[in-house]
Amino acid sequence: MKIRSLLLLIFFVFTCKLSAQHEMNFEDWRKFGPIPKNWKIVGGVNADWSSNDFLSTSPGTGVLVNAAQAKNSKHLVSGFEHGDIEVEFDYMVPKGSNSGIYLQGRYEVQIFDSWGKINPSFADAGGIYQRYDEAAKLGFEGVPPRMNVSKAPGLWQHFKIIFEAPRFGANGEKVKNAKFIQVFHNGILVQENVEVTGPTRSALFEDERAQGPIMIQGDHGPVAVRDFKYKTYGSKSPEIKDLNFSYFEGKFESGKEFVELKPSQTGELDKITWDLGHGNIDFGYAYSGNLEIFEGGEITFSLVSLGNSSLYINGEEVLEDKNQFSRTVSLSLEHGSIPFKLLYHKNNQPGRRPQLGLFVEGPGLRRTPLHEKSSFVEPLPQKPIFVEPSAEPEIVRGFFQHGGKKRTHTVSVGEPLKTNYTVDLQQAALLSIWKGGFLNTAPMWRQRGESQLMIPNGGLIELSGGPSIAILESPDSVWPDSLTTEQLQILGYFLRPDRRPVFKYVIENIAIEDSLEPEDNGIFLSRTISYDNPNNVSNVWVRVVSGENIEMISTGVYIINNGQYYIKVAEDYLNNTVLRENAGGKELLIPINSGSSKIKYSLIW
């Protein structure tokens, strides 16, 4: 296998000459490289949390699925090599399955069914797999993920991996270890700056090189992959040649005002900087030179300044004179030398240190500064204030971001089993669910609380956010986007003996009690809506879920948005469920009947 893969790689490198700045999204998997017989190109794949294999596939392209078999279980090896790289992809595993992605065919990030595990190890999803000493029969150097944010089997999950290849000197000796700069699992940072001193266990190669292929394990268990894309890095950073500055003393309304004046001082620079000993206020600087572009393509410039600044590329003003801290512009530039000019001026504000920075990024190039370190100091990230439940649920009231809008009357509940949720009291709406850590409250508790938001510390799933209960004129009526305080009266909530909240509402004299709790060791989040309808009000409904796509995959079990999460409706209520079309896709409704009863369903992810 190793020899065959190496020959394929040599063939590809010499025939296709993959460049350092290559970027690719594999909608057609045949462009990825040789596809072994146990890997199939399909349009979709189905599984559920209880099955040890994929249930079915659908014809088409875009998804690569491995049905591992004992006699035919080859790894998927890319037809290209890489050094520094950023990789993103979705994956799905059935129950108990095991796979992994190897950067350069040597360093593994684990793919595993780690659903519901409280304390993950290096062998769980998002872990950097251990190395292994064959002589001592001992593993070493494995790194577990910071938290387990794995979803249930049969759901699509996401990885983003930023990897730095090992470095070698002129004599071939390794001078720097490979490093996982960041690994994000389902949107959460689970690894950061993790060095690996050599290939992890079951690697494709035993040595280390500056380049190597991507490998996805195909001999441990079934796995499906889609939306695979990558960016490789290694292009030479643009430089400003013949960089000159002119310093102007005084207060100025615009950059165009002082460039016509005689400068107080001129000189040459290696990099852009305002810090030339002229003071912190009442000045203007003009920088000019030639920007050397080594790799043409779309180049993004990021200009940061405390004070007014403007940027000119090839004689054109691409960022106008503004007092705005951070701005970006993307330009299509060809290889070669391009005229460059930057104007910067700052008045007053004696207590605020000037800041001036210019960053560039593009094909094969990470965000790179063109300024001296002293000219712009990156702001330190705000230290988080984490709130985590211990033996009992933790309840926090505050503001919560949902669908790009700030909800002001929300309650977030964190469970010891890491199953967390947020409710909007004004709409009796379940807004979001997540697993992993509970909340970062720094934006609402530090100093004056700048954004006042509580931030989920886990893999977030946003729900529709509309009212959970409504009265419809007819079964075909459109579900309301919101309810007024006259339509839905909020009675607050009380705590049960287990300290879980029960939310209370009244709609058309119907008393509602709404509660959520984890079940089956935290892998389900079950919601119970109890009601008392003494006046037998009709056409009152509970909306269980709304999504782009809702499909029943077994009795009472629905998969939402093509693999985002599951809904399981208790059998007692199945006969009354209504699955109907709406403007955004589909929604699942259950009626509130006469008398006193309840509706129960579970969210599974």
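The values are calculated or read from the model by the stated rules, or taken from the named source; none is laboratory data. As the structure is a computational prediction, the values presented were derived from the model and not from experiment. Note: ideal-geometry Cβ built from the backbone for every residue, glycine included; neighbour counts use all protein chains shown. Note: accessible area is taken over every heavy atom of the protein model, side chains too, but ligands, DNA and RNA are not part of it. Shrake-Rupley method; radii C 1.70, N 1.55, O 1.52, S 1.80 Å.
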In Å², rounded to a whole number, the accessible area per residue of the chain with probe 1.4 Å is 46 Å²
Just to make sure I understand: if all protein chains stay in place, what is the order of 128, 41 by accessible area at 1.4 Å, largest first? 41, 128
Going residue by residue through the range 328-334, the Karplus relation 6.51 cos²θ - 1.76 cosθ + 1.60 with θ = phi - 60° gives ³J(HN,Hα) values, rounded to whole Hz and with x marking Gly or Pro, of 9, 8, 10, 10, 8, 10, 8
Among 62, 273, 561, whose Cα sits farthest toward the positive end of the charge dipole of the chain (+1 at Cβ of Lys/Arg, -1 at Cβ of Asp/Glu, about the Cα centre)? 62
With all protein chains present, calculate the accessible area of residue 446 using a 1.4 Å probe and round the result to the nearest 10 Å². 80 Å²
Cut-off 19 Å (backbone N to label point 7 Å along Cα→Cβ of residue 583), residues of the range 540-575: 543-550
Give, as a single signed number, the net charge of other residues whose beta carbon lies under 14 Å from the beta carbon of residue 578, with Lys and Arg counted +1 and Asp and Glu -1. 0
On a 0 to 90° scale, report how tilted helix 2-16 is relative to the longest principal axis of the chain, with both axes built from alpha carbons and the result rounded to the nearest 10. 60 degrees
Too long for a 22 Å Cα-Cα cut-off, among 160/231; 504/586; 241/341; 31/74; 271/341, are 504/586
Which FRET efficiency value, to the nearest 0.05, do you get for residue 337 and residue 482 by plugging their Cβ-Cβ distance into 1/(1 + (r/R0)^6) with R0 = 60 Å? 0.55
Only Lys, Arg (+1) and Asp, Glu (-1) charged, at Cβ; the chain dipole about Cα centre in debye: 940 debye
Accessible surface of the chain [probe 1.4 Å, protein heavy atoms]: carbon and sulfur percent: 47 percent
So, in nm, how far is label residue 227 from label residue 367 when the simple model puts each one 7 Å beyond its Cα toward the Cβ? 2.2 nm
Let me check something: with ligands and nucleic acids excluded, how do 417, 574 order by accessible area (1.4 Å probe), largest to smallest? 417, 574
Accessible-area ranking of 490, 567, largest first, probe 1.4 Å: 490, 567
Give me the net charge of residue 147's neighbourhood, meaning all other residues with Cβ under 11 Å from the Cβ of residue 147; Lys, Arg count +1, Asp, Glu -1. +2
If you add up the charges near residue 452, with Lys and Arg at +1 and Asp and Glu at -1, over every other residue whose beta carbon is less than 12 angstrom from its beta carbon, what do you get? +4
On the full set of protein chains, 1.4 Å probe, figure out the accessible area of residue 147 and give it in Å² to the nearest 10. 40 Å²
Of the GluC sites (Glu not before Pro) in the range 151-256, which ones lie in a loop per DSSP and count no more than 16 other C-beta atoms within 10 Å? 173, 206, 253
Return the distance in nm (one decimal) between the two label points of a simple spin-label model at residue 264 and residue 392, each offset 7 Å from Cα along Cα→Cβ. 6.5 nm
If I model a spin label at residue 552 and residue 55 as a point 7 Å from the Cα along the Cα→Cβ vector, what separation in nanometres do I get? 1.2 nm
Ignoring ligands and nucleic acids, residue 445 exposes an accessible area, probe 1.4 Å, in Å² to the nearest 10, of 130 Å²
